[in-house]
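The values are calculated or read from the model by the stated rules, or taken from the named source; none is laboratory data. Because the structure is a prediction, the values reported are computed rather than measured. Here Cβ is always computed from backbone atoms with ideal geometry, including for glycine, and neighbour counts include all displayed protein chains.
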Amino acid sequence: MDQLLFNQQYPHILSTLIFLPLAGAMLLLFVRNESFARYWALGVTIVTAIISIPLLSAFDSGTSKFQFVEKVTWIKSLNIDYVIGIDGISILLIMLTTLIMPLCVLASWTYIKTRVQAFMVCLMIMETAMLGVFCALDFVLFYVLWEAMLIPMYMLIGIWGGPRKIYASVKFFLYTLAGSVMLLVAIIWLYINNGYSFFIPDMMWQNYSSTAQIFLFLAFFLAFAIKVPMFPFHTWLPAAHVEAPTAGSVILASVLLKMGTYGFLRFAIPITPEATMLLAEPILWLSIAGIMYGGFTALAQNDMKKLIAYSSVGHMGFVTLGIFVLNTRGVEGAILQMINHGITTGALFLCIGMIYERTHSRELSDAMGLGKYMPIYATFLAFFSLSSFGFPGTNSFVGELLIIAGTFEHSTVLALACIPGAVLAAAYMLRMLQKIIWGDTNNPDQSKMVDLNVREIVTLAPFLFFVFWIGLGAQPFLDIIHVSVENLLNNYHGFTNQAVAITELIIH
Amino acid sequence: MQFLPELALLGAGLVIFMVSLGKTNATTTRNIAIGLGAAVFGATLLSYCAEGKLFYGAYQVDLYSQVFKTLIAGSMLVVLILGQNLKGVSEKVHPEYYLFLFMSVLGLMMLVSSVELISIFVALELSSFAVYIMVPMRDDEGKIRFQMEAGIKYLLFGVTATGFMLFGMSYMYGLTGSTDLATIITQYSTMWTHPAYVISMMMVLAGFFYKLAIFPFHFWVPDVYEGASNETTAFIATVPKLAGTAMLIRLISHITGDGQVITNVLLTCAVASMFYGNLSALVQKDVKRMLGFSGIAHAGFVLLGILTFQITGFANAMYYIIGYVVMNLACFLVICNVSSKGENVMIEDLSGLHKRSPLMAFTLAVGLFGLAGIPPFVGFMGKFMLLTGALKEGYMVVVILAAINTAIAIYYYLSVIRVTYCSEPEERGLVSPTMMTSVTSVFLLIIIVVMGVSPQRFVDFASTAVQTIM
């Protein structure tokens, strides 16, 4: 229990964050008024966002322990606790989630026209589950929330989605669930081999046998790689992204995908360091494959949402690359890039959603030449596109630079292999940008298009603010995560050095 | 006091018999039946703490049996309520239908208290024979005839299973010279390596496998589920499973460590049930058939829990079967409501249910997600605890196979939910549940969530109950 820090000033802040949206959702179940539902959801998510702000100010970035811990016995006979806490790895993801949710509500203000209450209920339940996943320090709690999240997300895609919503939602559900059943077995195995405890910090850095570690790692990998999604487990993502309503796409891109990479950092590396060491190399190459594959496929898309979805595969490839080079720069870059991807891709999905609301088409050819009639929109889109391919001065530049620097430290060949991916990103984003703003000689008639209204500007402005904040002054963000990352890597290297020494001893 | 629930049921049967002699309309009959069902439930609550032995030790009344009796009476009450006006049964025979229902429940209640081979047999037959008649009682006005086929199948398979059981019992008697379960157990406890003992035990278990629909005694399930009226299926799919589990725990809990052979056989049955049930359910179009196959798979899970031979394992199995019954009742409640004239419900008949009746759609979704084992519903907690218990006993391979089954199962549950929520209703009419049905469905929903979120109290309670028979 020495990894836990209780906070006297804010003893129940995390639980409040987790359960406030749920309570809001429960109340909304009994309401019939649609416009009230919108304002209520907005209010609840904003209040949640405001409550989450003290987390940053009271967060002690000088320690790698878990902070704001709360612990209540949940199921005594199985030794399952409701125990939550955050460290440098999870705090930014929590902030990202709480801050992005009000914007998702705003983005659905007019987009969702049918069954508004149910939609808002699903959004708020999603928020509860997502925050819970990032806070959970008990493996069962984590798994419960991880799985429970599938239901509202399935509903978001399946009810409010596009024409192929049924295919997309079922595929999303099946992939994620099938991936995580072995995770459940792994959790139970760990429980039995850890003195019957589900407490996550107790499972880390233990001497499990190499075979066990490899099996555990594979179980983790299957669950998390599908969620990330890593090539070749990515096929559910384009379908789900394309069919989901805007808010669903934003949640999916900004938060859900991060759970996979978060899982690697929180579980795979600390619980199975030896297997990580053995299997890191193939995963790195899978990441490169993902970057290249995502890039080339995005280049060929005519559906804007699909384009962004495939670009996500590429960007998440960078994140896994950063994680598995296993050095400070790489991992810090990866965490920062997780946030960046959440901001930039979320914003891009919002932009596409705004066009879709006007033209009811996601085809690139229908959106050509918008720049002349929608100057404010074009400005936003331009900045987000630049950010997406890592233009200096924007947030992704910092993240990608750190990751590539970390990769160079690890292996030059690998780093050189991922450079074309960065170029590809510029190619497909600029292609999209060029077509939307200027188009070519046979642009459709866009003269009836109205530019963004105040609500839409308010929705996009915070994203732009963070694009530049992280892009120009990333240090505060890196400071928050630094100690936790150092601690993770120190432990990892301590552990693997020991393992290597033992292996050498046996060989000689 | 010790015999109060059974007496109440007998009394209820007599009252219904009187009703059947006169001429009453369907609503009155239903109200009388629900009132009697509530009275029986009250009687089980009253005799909840009763203890003792009756009929020269053939009949044991303890906390374990009383808990199961309460559960049986409670789920019978729900079945009576969700049956509404028995749309699928000809109005002429409504009183008789209720009479047989009460008699079958009487058999099940006696079964959970029986600790002697002959009384087990009598109770089991009483419960089965009543249902053999209930199945073909489906209304044949709509030129539906397959209920006859279903009835015959149910009868023949039932008789076969009983035959196995009687043969096994004769072995038991031959080997031990007693029909008293306690005596048999003591004699058996040292002899588990002997083939005759294993075979006799397996054969006796066959009777309960039949009730619970565990592989290889599951063959009756799909056709009977499809052929019987919706209300009858709701009954067959829930209440007898409780009693079947109770008896399985009573018998299997006494297999000692030497019984490796029998354990392996039973584990194989459990895994085979899961795979058979889940794989067959994937291609079903009739919701009842699908739930039937899913029931086979779930029975496999229950058996897995029992095979841990730990008190926690038995408690988990109890928790699991209770959860299963509640979730199944929720699903059948919706099926009975959606079926307007008592016809079978195809999966596509549920199209757009969320627009036709939001509450019914929600109940169905929660029930099915629960059955699929998605948290935070009871199905997940049950499965999780069973797998934990099984892995503790070192059944690694079985646990992995069971986990794979969870992944297979989600597909067919999801395909129903998909139709419910993501399709348009088209020409299909509104579904308007009555007040009582709505209240019942909300009540079932609350149980599903509460049991899933805070299982501690239920499992503790189940452990206490199980301890009384150890």
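Some observations on this one:
- Test: A:Ala474 is among the small types (Gly, Ala, Ser), under 23 Å from the mean Cα position of the chain (by Cα), at pLDDT 90 or above and closer than 27 Å to A:Val250 by Cβ: no
- Considering residues of the stretch B:428-470 that are of a type in the set (Ser, Thr, Tyr) and closer than 17 Å to B:Pro358 by Cβ only, the residue farthest from the other protein chains (Cβ to nearest Cβ): B:Thr434
- Odd one out for B:Ile120, checked against (1) out of contact with any strand residue (DSSP E or B) (no Cβ under 8 Å at 6 or more places or on another chain); (2) closer than 25 Å to B:Ser65 by Cβ: (1)
- Meets criteria (out of contact with any Cys (no Cβ under 9 Å at 6 or more places or on another chain) and surrounded by fewer than 24 Cβ atoms within 10 Å (Cβ to Cβ)) for B:Val239: no
- Sole residue being away from chain B (no Cβ under 12 Å) and part of a helix (DSSP H, G or I), chosen from A:Leu131, A:Leu145, A:Leu141, A:Leu177: A:Leu131
- Selection from the stretch B:395-417 of residues that are facing another protein chain (nearest Cβ under 9 Å) and surrounded by fewer than 21 Cβ atoms within 10 Å (Cβ to Cβ): B:Met396, B:Ile400, B:Ile404, B:Ala407, B:Ile408, B:Tyr411, B:Ser415
- Total residues in the stretch B:419-446, condition without any contact (Cβ under 8 Å) to a residue 40 or more places away in the chain and over 24 Å from B:Leu82 (Cβ atoms): 2
- Output for the stretch B:32-75, where each listed residue is of a type in the set (Phe, Trp, Tyr) and surrounded by 17 or more Cβ atoms within 10 Å (Cβ to Cβ): B:Phe41, B:Tyr59, B:Tyr64, B:Phe68
- The single condition among (1) exposed (fewer than 14 other Cβ atoms within 10 Å of the Cβ); (2) under 23 Å from the mean Cα position of the chain (by Cα); (3) of a type in the set (Ser, Thr, Tyr) that A:Thr45 does not satisfy is (1).
- Flag if A:Gly390 is under 20 Å from the mean Cα position of the chain (by Cα), of a type outside the set (D, E, K, R) and outside any helix (DSSP H, G or I): yes
- When each of A:Ile157, A:Ile166, A:Ile151 is tested for being hydrophobic (A, V, I, L, M, F, W, C), under 30 Å from A:Val116 (Cα atoms) and either more than 7 Å from chain B (Cβ to nearest Cβ) or touching a strand residue (DSSP E or B) at 6+ places or on another chain (Cβ under 9 Å) (or both), the lone residue that passes is A:Ile157.
- Residue that is nearest to A:Gln213 (Cα to Cα) [pool: residues in the stretch A:466-508 that are among the polar types (S, T, N, Q) and touching an Asp or Glu at 6+ places or on another chain (Cβ under 8 Å)]: A:Thr496
- Looking only at residues in the stretch A:106-128 that are farther than 12 Å from A:Ile251 by Cβ and of a type in the set (D, E, K, R), the one that is nearest to the other protein chains (Cβ to nearest Cβ) is A:Arg115.
- Within the stretch A:135-176, tally of residues that are among the aliphatic types (A, V, I, L, M) and in contact with an Asp or Glu (Cβ under 7 Å, 6 or more places away or on another chain): 2
- Here the helices (runs of 4 or more DSSP H) wholly within the stretch B:50-161 that include at least 3 residues being closer than 26 Å to B:Tyr173 by Cβ, modelled with pLDDT of 90 or more and hydrophobic (A, V, I, L, M, F, W, C) are B:94-113, B:117-134.
- Restricting the first member to the stretch A:421-448 and to residues that are closer than 16 Å to A:Ser361 by Cβ and in contact (Cβ under 8 Å) with a residue 12 or more places away in the chain, and the second to residues that are of a type in the set (Ser, Thr, Tyr) and surrounded by fewer than 13 Cβ atoms within 10 Å (Cβ to Cβ), no beta-carbon pair is closer than 8 Å while six or more apart or on different chains.
- Taken over the stretch A:438-471, the criterion of being surrounded by 15 or more Cβ atoms within 10 Å (Cβ to Cβ) and closer than 17 Å to A:Thr97 by Cα is satisfied by A:Thr459, A:Leu460, A:Pro462, A:Phe463, A:Leu464, A:Phe466, A:Val467, A:Ile470.
- In the stretch B:378-389, residue surrounded by the most Cβ atoms within 10 Å (Cβ to Cβ) [restricted to those that are more than 9 Å from chain A (Cβ to nearest Cβ) and of a type in the set (A, V, I, L, M, F, W, C)]: B:Val378
- Single unsatisfied condition, B:Ser340 versus (1) under 15 Å from B:Ile417 (Cβ atoms); (2) surrounded by fewer than 22 Cβ atoms within 10 Å (Cβ to Cβ): (1)
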